[in-house]
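Q: Can you read through this structure? Questions will come right after.
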Amino acid sequence: MFLFPALRGRVVILCSIAAICLLPASPRADEQSVTWTNVVNASVSSENTLTKTGGQNQSDDAGATSAEELTAGEGYVEFTVGAANMEALVGLNHGSQGTWYYEIDFAFRFMPSGSADVIENGVYLNGGDTPYTVGDRFRIAVVDGRVRFSRNGIFLTESTNPVTYPLVLDVSMFSMGAAVADPVLGVTPPPPPGGGFFETSGFQTPRPRYTPEQINAFLPTGGAAGAFQFPAPYNTAAVRLTDASLCAEGQDCLWYAGYSYWRNMNNHVGSADMYIFLGTDPARGGAGPTLIRYNKALDAVQDVQPMFDEASPYRYSTGEGWYFSAQFPTRLYATRVGSSQLRRYDILVRQFETAPVFDLSACARPRVCPRGAASITQAHSSDDDLVHSATVQDVNWARIGCVVYQTAARRFTYYAPPKNYALDECHVDKSGRWLMLLETRADGSRHNRVVNLATGKIRTITDVNGALGHLDMGHGYAIGADTFSALPNATIRLDFPVATTTRPIGPMVHFNNRWDVAAANHIAHGNARPLMTGERPYACGSNASRVGDVADEVVCFFADGATNADGALDVLVIAQVLTDLDAAGGNDVDGDDYEQTPKGNLDVTGRYFLWTTNLGGGRLDAVLVKIPAERFTGR
């Protein structure tokens with residue numbers, strides 16, 4: 001993949017069949033040519049090429065270092081191979097002025113066979129093996145405390161060994177005539193404040209889980225609600241939204257956040273206050289669905305009130321499947337178990353709109369809906385509040401199909417699963433133009449059916465070809481798990497209309513380095529915008545597990561499938577989830593962990609991520625973390 005000279009000056013994105021896309025690198029004003037110093041048994045040409053001209057052949061007795069240094073933070077060195085079949089090491093080093101190869105901290109090793117690999121102080125690092133030839137451009141970059149290695153703009157591998165400053169470009173040459181050309185050193189501007197740090201998909205570093213004692217040390221004192229900061233390396237600002245006062249006698253009454261695609265936070269743009277709804281269980285000391293007012297300016301929880309009085313049947317709802325409108329700040333979509341209606345509730349007036357958004361009982365039978373259609377669950381709405389979808393249940397609670405209601409046309413459409421398939425869920429996208437149906441077979445296989453709601457055309461994707469599992473919808477696309485990917489716990493983007501039903505169906509946006517770690521298990525994309533706005537969309541995810549050596553974390557990643565200039569996929573690590581699946585908090589009475597997993601969701605701005613966690617103890621609480629979105633700028 002190359003940016004051809006004939007296309008100079010144009011923005012070109014080139015993608016491989018593996019859906020790895022490269023963007024042209026942005027010029028850096030702080031990049032400078034290297035001045036060679038400590039030159040031993042070598043000469044420097046007028047074009048600044050360093051060549052071994054003295055000493056013994058096949059001996060590391062020649063080399064040089066750069067006068068320029070990377071004194072702290074992020075930066076890189078780049079250079080061009082100046083001789084074929086040479087034997088030399090070129091890399092970043094601190095404190096050495098000799099020519100010994102094993103002194104170089106992070107180096108490419110070039111071998112006479114025409115192959116290269118990565119060596120750290122004489123020790124081989126897996127993943128950096130690559131062929132090379134004259135003219136190839138190599139880069140070694142320090143990014144968020146890690147060292148990335150790339151060739152011709154293609155990411156190869158990453159080191160997590162500690163970096164010691166200052167760093168210089170260091171060269172050790174074995175073969176006579178070995179040459180390093182056009183060397184530069186660049187200094188990357190420091191990241192904006194707000195915390196968080198970047199890793200590379202496939203190269204995540206395991207971090208230890210916080211113990212309950214460590215968690216209590218950085219939470220607000222006395223177990224109170226309030227602002228706090230996650231410790232290093234996260235350094236993100238957060239708010240504990242609930243405390244023991246939420247439930248009578250400090251019981252464990254909080255229901256889990258409904259799911260990653262249902263917004264618990266309202267559209268608070270232009271307001272000092274954000275409203276958050278959570279479900280609490282009256283049987284465990286709660287007051288039913290509860291409204292929290294969080295003042296963004298004061299960074300404080302200012303009011304917590306039950307949403308319904310004791311006479312309301314909605315008081316006994318968990319709130320799962322409820323979600324805020326994307327555009328109306330005070331409107332909350334709500335369903336009730338066994339009901340045929342999707343309704344909107346005004347959280348400040350504290351009453352429902354007179355007419356339901358739609359009522360399944362109004363769907364013509366059997367011309368459109370089947371006679372057995374009794375109630376709805378798992379509702380979703382487009383961001384303009386004009387198109388709605390829901391799972392249809394019969395009187396025995398079996399999921400028998402999906403209904404779509406288009407408000408402007410007052411039209412119902414019904415989708416029954418194909419023979420031998422059962423509906424798992426259905427989901428209208430945020431544009432209101434597309435419907436995703438997830439359907440499964442008794443043998444566990446799965447497919448997606450994507451419906452163009454304007455034409456009725458349906459495309460089907462099987463699981464082996466990339467059908468999505470856990471997902472969230474954007475505007476004209478979906479982001480979700482590709483469980484048959486060759487990469488561990490991969491997440492991809494599927495664009496509509498579906499271009500192909502065979503792999504690859506869309507670009508990779510995130511993956512792990514281990515199969516037992518599903519970092520972004522539940523995808524949240526409540527901040528989605530139409531792709532044509534020019535903004536680079538991002539999604540976030542969370543999970544809880546029993547993997548002992550890896551902390552469960554909130555992570556975010558670009559949703560457009562574009563990579564860095566070196567081909568790497570960024571992962572912005574936000575915070576630890578703080579959930580212990582073996583602790584009592586969360587009321588996991590059936591032992592399936594579902595009540596305790598975070599399933600966090602994003603607000604419409606993408607600046608806040610909310611989830612529920614037991615903090616390693618005996619109660620479930622709600623936590624809000626501020627997403628340092630500025631970190632994405634310029635990536």
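The values are calculated or read from the model by the stated rules, or taken from the named source; none is laboratory data. Predicted model, so just to flag it, every value in this text is computed and none were measured. Reconstructed Cβ throughout: ideal geometry from the backbone, glycine too, with neighbour counts over all protein chains shown. Just the protein is used for accessible areas: all its heavy atoms, side chains included, with ligands, DNA and RNA removed. Shrake-Rupley method; radii C 1.70, N 1.55, O 1.52, S 1.80 Å.
Q: Could you list the GluC sites (Glu not before Pro) in the range 197-290 that lie in coil according to DSSP, counting only those with at most 10 other Cβ atoms within 10 Å of their Cβ?
A: Nothing satisfies the criteria.
Q: Still on this model: Through the Karplus equation 6.51 cos²θ - 1.76 cosθ + 1.60, θ set to phi - 60°, convert the phi angles of the range 469-478 into ³J(HN,Hα) values in whole Hz; use x for Gly and Pro.
A: x, 4, 8, 9, 9, x, 9, x, 6, 10
Q: Suppose R0 equals 60 Å; then what is the FRET efficiency for Ser245 and Val123 from their Cβ-Cβ distance, rounded to the nearest 0.05?
A: Here the calculated transfer efficiency is 0.65.
Q: In whole percent, and with a 1.4 Å probe on the protein chains, what portion of the accessible area of the chain is carbon and sulfur? All intermediate terms of the calculation are to be shown ahead of the outcome.
A: On the way: 13260 of 25160 Å².
Roughly 53 percent, rounded to a whole number.
Q: If you don't mind, there's one more thing I want to ask. Could you work out the Rg to Rh ratio of the range 161-200, with Rh taken as the Kirkwood radius (inverse of the mean 1/r over all Cα pairs)? Walk me through the numbers before you get to the answer.
A: Numbers: Rg = 16.2 Å, Rh = 14.5 Å.
Ratio value, two decimals: 1.12.
Q: Of the trypsin sites (Lys or Arg not before Pro) in the range 421-493, which ones lie in a loop per DSSP and count no more than 12 other C-beta atoms within 10 Å? Please report the intermediate quantities before stating the final value.
A: On the way: sites: Lys430, Arg433, Arg441, Arg446, Arg449, Lys457, Arg459, Arg493; in loops: Lys430, Arg433, Arg441, Lys457.
Sparse-neighbourhood loop trypsin sites (Lys or Arg not before Pro): Lys457.
Q: Quote the convex hull volume per residue of the range 339-475, based on C-alpha atoms, as a whole number of Å³. Provide the component values of the computation, followed by the final result.
A: Details: hull volume 17.4 nm³, N = 137.
Convex hull volume per residue, Cα atoms: 127 Å³.
Q: Assuming 1.567 mPa s and 4 °C, estimate D for the chain with Stokes-Einstein, Rh taken as the Kirkwood radius over Cα pairs, in µm²/s. The partial results should precede the final answer.
A: Working: Rh = 26.7 Å.
Reported coefficient: 48 µm²/s.
Q: Lysine pairs in the chain with alpha-carbon atoms under 21 Å apart, 8 or more places apart or on different chains: how many are there? Before the final figure, lay out each step's value.
A: Working: Lys296/Lys626; Lys419/Lys457; Lys430/Lys457; Lys430/Lys599; Lys599/Lys626.
Taking the chain as the scope, the lysine pair count is 5.
Q: Mind checking the per residue accessible area of the chain for me, 1.4 Å probe, whole number of Å²?
A: Working: 25160 Å² over 635 residues.
Ligands and nucleic acids excluded, the figure is 40 Å² per residue.
Q: What is the distance in Å between the Cα centres of the range 112-134 and the range 588-605?
A: Rounded to whole Å, the Cα centres lie 44 Å apart.
Q: Okay, moving on. When you take every Cα atom in the range 409-504, what is the radius of gyration, and what is Dmax, the widest Cα pair distance, in Å?
A: Looking at the range 409-504, its Cα Rg and Dmax stand at 13.0, 44 Å.
Q: If you keep only loop residues by DSSP, which chymotrypsin sites (Phe, Trp or Tyr not before Pro) in the range 281-333 have at most 15 other Cβ atoms within 10 Å of their Cβ? Intermediate results must be reported in sequence, preceding the final value.
A: On the way: sites: Tyr294, Phe308, Tyr314, Tyr316, Trp322, Tyr323, Phe324, Tyr333; in loops: Phe308, Trp322.
Sites meeting the loop and neighbour criteria: none at all.
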